[in-house]
Amino acid sequence: LQIGSRIARAAPAWRERHRVQFHFHLRDKLFGLFGPDVGYLEVTRWQRVRHVQPRRFALWHSLHQLNKTRPPAGCGPRVVTVHDLNYLYGRNAFSTWRHHRRTKALLARTDHVVAISQHTAADVRRHLGWTGPLEVILNGARSFVASERKPLPGWPAEPGADARPFLFHLSRMSPSKNPQAIVALAQAWPEMLFVLCGPPGHDSRALRDAVRLPNVQFHLGIDDAQKAWAYAHCAGFLFPSLTEGFGLPPIEA
């Protein structure tokens, strides 16, 4: 969302100065998200097998290594941003093999790799055998200091001095994020309140449904204003991740 917004703001100047036009490859329900100064290309299931566009693109940039669609036939240099190779850590043998096979097939169709950290770059070289061009471009972290703040459900906008302190965790709560350590801590420390937030995915819902501790709250699908509020009002931020390509939430916190 952030890189798309930045590109969209720059698009008119690039079109005027360099005759460059940007297109976003998105599900059709997201068409228009970045305004009228960029084009939109629809994602279809068939593009996983063969991807043809009526025009040829000078550059095709896939923003995540989990993208299953192929780049269009006949496009120019193909760039892929790799965020992590977390499938190598903590999965069963079949799952690791399947993800590894898919990622190597992706890189076979790639001209240039961007990694979000030196750690991820080392993983790409070591485990994927990549010897082509590779550049590290660190993730950008937004400052939430001056952002709008909206309380989490059930909380006042400004908790009073007698409000119960809480420890905050933010992730998708997959096993690699190690939320089980936070649950164990909550069991051992019933006087402290623990607030776990993240997207409403399979892992986060499963953890919420499994944990029945009175001092643990789950808030799934929070927006940026609620995230800024939680960062500002928590007594501490917890991030016991076992594998991390970059670690954006601690930087935001």
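The values are calculated or read from the model by the stated rules, or taken from the named source; none is laboratory data. Note that this is a predicted model, so its numbers are computed, not measured. Note that we place each Cβ from the backbone using ideal geometry, even for glycine, and neighbour counts take in every protein chain shown. These area figures cover heavy atoms from the full protein model, side chains too; ligands, DNA and RNA do not enter into them. Shrake-Rupley method; radii C 1.70, N 1.55, O 1.52, S 1.80 Å.
Miscellaneous remarks
- Whichever residue in segment 118-138 is among the aliphatic types (A, V, I, L, M) and free of Cβ contacts under 8 Å to residues at least 60 places away in the same chain and, among such residues, is surrounded by the most Cβ atoms within 10 Å (Cβ to Cβ): VAL124
- Every test in (1) surrounded by fewer than 18 Cβ atoms within 10 Å (Cβ to Cβ); (2) under 27 Å from TYR89 (Cα atoms) is passed by HIS169 save one, and that test is (1).
- Screening VAL82 on (1) over 27 Å from LEU128 (Cβ atoms); (2) in contact with a Ser or Thr (Cβ under 8 Å, 6 or more places away or on another chain) shows it passes everything except condition (1).
- Of note, ASP84 satisfies the criterion of being among the acidic types (Asp, Glu) and within 27 Å of ASP123 (Cβ to Cβ).
- Qualifying residue in segment 176-189 (condition: at pLDDT below 95 and in contact with a helix residue (DSSP H, G or I) (Cβ under 6 Å, 6 or more places away or on another chain)): yes
- Failed item in (1) buried (at least 18 other Cβ atoms within 10 Å of the Cβ); (2) among the hydrophobic types (A, V, I, L, M, F, W, C); (3) under 17 Å from the mean Cα position of the chain (by Cα); (4) at pLDDT below 95, with ALA141 passing the rest: (1)
- A single member of PHE218, PHE239 is without any contact (Cβ under 8 Å) to a residue 60 or more places away in the chain and aromatic (Phe, Trp, Tyr), and it is PHE218.
- In segment 217-228 there is no residue that is open to solvent by less than 30 Å² (accessible area, probe 1.4 Å) and either farther than 24 Å from GLN2 by Cα or assigned to a loop (DSSP other than H, G, I, E, B) (or both).
- Of residues in segment 103-116 being touching a residue at least 24 places away in the same chain (Cβ under 8 Å) and part of a helix (DSSP H, G or I), the one most open to solvent (accessible area, probe 1.4 Å): LYS104
- Note on segment 43-94: residues that are under 22 Å from ALA10 (Cα atoms) and of a type in the set (Asp, Glu) amount to 0.
- Each residue in segment 8-44 was checked for being aliphatic (A, V, I, L, M), assigned to a helix (DSSP H, G or I) and open to solvent by 50 Å² or more (accessible area, probe 1.4 Å), and 1 pass.
- When ALA206 is tested against the conditions (1) of a type in the set (A, V, I, L, M, F, W, C); (2) closer than 21 Å to LEU248 by Cα; (3) within 22 Å of the chain's Cα centre (by Cα), the lone failure is (2).
- Subset of segment 183-202 that is loosely packed, with under 13 Cβ neighbours inside 10 Å and aliphatic (A, V, I, L, M) - its residue that is farthest from LEU220 (Cα to Cα): ALA188
- Test for GLY35: is it farther than 20 Å from HIS64 by Cβ and within 25 Å of the chain's Cα centre (by Cα): yes
- Selected residue (criterion: nearest to the chain's Cα centre (by Cα)) from residues of segment 229-244 that are buried (at least 18 other Cβ atoms within 10 Å of the Cβ) and more than 21 Å from LEU193 (Cα to Cα): GLU244
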